[in-house]
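*Asks:* Got a structure here, written out as structure tokens. Questions coming.
The values are calculated or read from the model by the stated rules, or taken from the named source; none is laboratory data. Quick caveat, the model's predicted, so the values are computed rather than measured. Backbone-built Cβ (ideal geometry, glycine too); neighbour counts: all protein chains shown. All accessible areas refer to the heavy atoms of the entire protein, side chains included, with ligands and DNA or RNA removed. Shrake-Rupley method; radii C 1.70, N 1.55, O 1.52, S 1.80 Å.
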Amino acid sequence: MNEPTIWIKRTCVVAVAAVAAVAAVVSFDHMRALASDAGEGWKAWILPISVDGMLVSASLVMLTRKRASQPVGALAWSGLVLGLLVSLAANVAAAEPTLIGRLVAAWPPVALGLSYELLLTLIRETASVHEPADQQVVEVAPTVHEHLAPLTEAPPKRSRKLLQDYVNEAREHLSPDVKVTPAWVREVTNCSRGLSPKIAATLKAGMQ
């Protein structure tokens, strides 16, 4: 976000907050006067907070649920609408019994509700712009390694030597003056003691 845009948003937030503050003060005074006329005494100073506070609470709940991608819910909407209607009715009831007087008295709660919703909208937009990078979804293209050499297959494991393998290996060492014995077979083939007699017998049978 560039610098002019940041200052525009900040100015909007200050302006909307100022309008909401003025509307809240006027609405508070109207409802306090109405409650005082109704004989509420010292409670007339806190009753307006319960009405306009309902607007603020419902709006905050709606903001939190929207940012969490959750449904707002009927209770939050009911609190917002009910708080606005009660504030509107109280301000009109405290006004002068003329059309102009009632219209003027009806404006503060409407301005308060609209200003607060505008303020929450600006907060939502600012929060979405400054959202942390680890919460943003980033699409990463798959990496293609074009110059990698193909994988070579692992060499097959060597199988165990068979009897014929030992016989062939011993034949390579045969000569006319060699006496074929199990000991000689073990010496030239490194076979086991139990297998050497069979190899020697096979060699002798082939020499006959």
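*Asks:* I'd like the residue in region 1-53 that is among the aliphatic types (A, V, I, L, M) and touching a Leu at 6+ places or on another chain (Cβ under 7 Å) and, out of all such residues, is nearest to Glu96 (Cα to Cα). Walk me through it before giving the result.
*Replies:* Of region 1-53, the ones among the aliphatic types (A, V, I, L, M) are 1, 6, 8, 13-26, 31, 33-35, 38, 44, 46-47, 49, 51.
In the following step, the residues that additionally are touching a Leu at 6+ places or on another chain (Cβ under 7 Å) were identified as 13, 16-17, 20, 23-24, 31, 35.
Details: Val13: 33, Val16: 28, Ala17: 28, Ala20: 23, Ala23: 18, Ala24: 19, Met31: 13, Ala35: 15 Å.
Restricting to residues being among the aliphatic types (A, V, I, L, M) and touching a Leu at 6+ places or on another chain (Cβ under 7 Å), the top hit is Met31.
*Asks:* Same structure again: Which residue pairs have Cβ atoms closer than 7 Å, lie 6 or more positions apart in sequence or on different chains, and pair a first residue in region 187-208 that is within 17 Å of Pro176 (Cα to Cα) and part of a helix (DSSP H, G or I) with a second residue that is at pLDDT below 85 and of a type in the set (Lys, Arg)?
*Replies:* So the pair list comes out as Leu203/Arg171.
*Asks:* Here are some residues: Val56, Val61, Val16, Val22. Which one is out of contact with any Lys or Arg (no Cβ under 9 Å at 6 or more places or on another chain), at pLDDT 85 or above, closer than 16 Å to Leu119 by Cα and in a helix (DSSP H, G or I)? So that I can check it myself, show each step before the final result.
*Replies:* Numbers: Val56 fails: at pLDDT 85 or above; Val16 fails: at pLDDT 85 or above; Val22 fails: at pLDDT 85 or above.
So the residue among Val56, Val61, Val16, Val22 that is out of contact with any Lys or Arg (no Cβ under 9 Å at 6 or more places or on another chain), at pLDDT 85 or above, closer than 16 Å to Leu119 by Cα and in a helix (DSSP H, G or I) is Val61.
*Asks:* If you don't mind, another one. Can we say Ala74 is small (Gly, Ala, Ser), more than 25 Å from Leu122 (Cβ to Cβ), open to solvent by 70 Å² or more (accessible area, probe 1.4 Å) and under 30 Å from the mean Cα position of the chain (by Cα)? Full working, then the answer.
*Replies:* On the way: small (Gly, Ala, Ser): yes; more than 25 Å from Leu122 (Cβ to Cβ): yes; open to solvent by 70 Å² or more (accessible area, probe 1.4 Å): yes; under 30 Å from the mean Cα position of the chain (by Cα): yes.
The answer is yes for Ala74.
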